[in-house]
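The values are calculated or read from the model by the stated rules, or taken from the named source; none is laboratory data. Nothing here was measured: the structure is a model prediction, and the numbers come from that model. When we count neighbours, we look across all protein chains shown, and the Cβ atoms used for this are built from the backbone with ideal geometry, even at glycine. For accessibility, only protein heavy atoms count, side chains too; no ligands or nucleic acids. Shrake-Rupley method; radii C 1.70, N 1.55, O 1.52, S 1.80 Å.
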Amino acid sequence: MDKHMHDAAECSGKAAGRPKAADVEARTQELLQIAGTLFLKNGYTKTSLEAIARAAHVAVRTIYVKFGGKAGLLAAVLAAKRHRFFRSQPMETDTRPLREIVDDFAHQMYALMSSQEAIDLQRIVLAEAPTNPELAEAFWNGGPRKTRELLSRFFARPDIRAQMRPDVPLDLLPCHLMATISGELLMNLLRPQFVMDPEKAVSDLERRLDLFYHSILPPQS
């Protein structure tokens, strides 16, 4: 124990022990932030676990124990970013009408998908995934898969199902809604110089959502 830690232990009247859960969580979030920054800066393939561990001041073994490797770490990075956007989005328990819930989800998801950080990451995935299947799988598991599972549970709720037309195929709704939200975002990823007018982007999203509701809700809903 160095002098600083010894003095701190004496002041508290107890020896230094296991780190508090809050400290462990803070260190984990710092690791995820550093990993995300390096992935964006260098690309997934060229970012080694050794470089991440060195920048985060942790052992490589710690990353393996917590995340199972680089793919698991990327999935955790994506999940953490997604959680920060949707921590106030209790779709499984929200009692508002379907349209209000979906409106909030759609605008938050579009903000996430169209953020510069998300765009840069998606460009990396598009460029590297053909030669690195691990990256494609990690990206899918860390973001799109979780989102579609959330939407599947939401649309399957009896109270939500009752607000839709009875002939709506529930299994297609998650992809239908995500396509509605993303619009031409994927095509715009291939145009590095393209700059979307934020007001027009929101207006176009709302028009696409109107079409989505028209396809699933009973007339006059």
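Quick look at the values:
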quantity	calculated
Breaking point among (1) more than 21 Å from residue 117 (Cβ to Cβ); (2) surrounded by fewer than 13 Cβ atoms within 10 Å (Cβ to Cβ), for residue 27	(2)
Qualifying residue in the stretch 119-132 (condition: exposed (fewer than 12 other Cβ atoms within 10 Å of the Cβ), over 30 Å from residue 68 (Cα atoms) and not β-branched (Val, Ile, Thr))	no
Long-range neighbours under 7 Å by Cβ, at least six apart or interchain, first residue touching a residue at least 60 places away in the same chain (Cβ under 8 Å) within the stretch 157-168, second open to solvent by 60 Å² or more (accessible area, probe 1.4 Å)	163/97
Residue pairs meeting the criteria (Cβ under 6 Å; at least 6 apart or on separate chains; first within 26 Å of residue 158 (Cβ to Cβ) and touching a residue at least 12 places away in the same chain (Cβ under 8 Å), in the stretch 98-115; second surrounded by 18 or more Cβ atoms within 10 Å (Cβ to Cβ) and of a type in the set (A, V, I, L, M, F, W, C))	98/160; 106/181; 106/209; 109/181
Qualifying residue in the stretch 147-170 (condition: loosely packed, with under 12 Cβ neighbours inside 10 Å, among the aliphatic types (A, V, I, L, M) and at pLDDT 85 or above)	yes
Matching option when the condition is open to solvent by less than 60 Å² (accessible area, probe 1.4 Å), within 19 Å of residue 216 (Cα to Cα), in a helix (DSSP H, G or I) and not β-branched (Val, Ile, Thr), among 109, 91, 178	178
Meets criteria (within 16 Å of residue 111 (Cα to Cα) and at pLDDT 90 or above) for residue 209	yes
Residue under evaluation residue 176, criteria (1) over 22 Å from residue 123 (Cα atoms); (2) modelled with pLDDT under 95, criterion not met	(2)
Filter pass, residue 99 being of a type in the set (Lys, Arg), within 13 Å of the chain's Cα centre (by Cα) and within 30 Å of residue 208 (Cα to Cα)	no
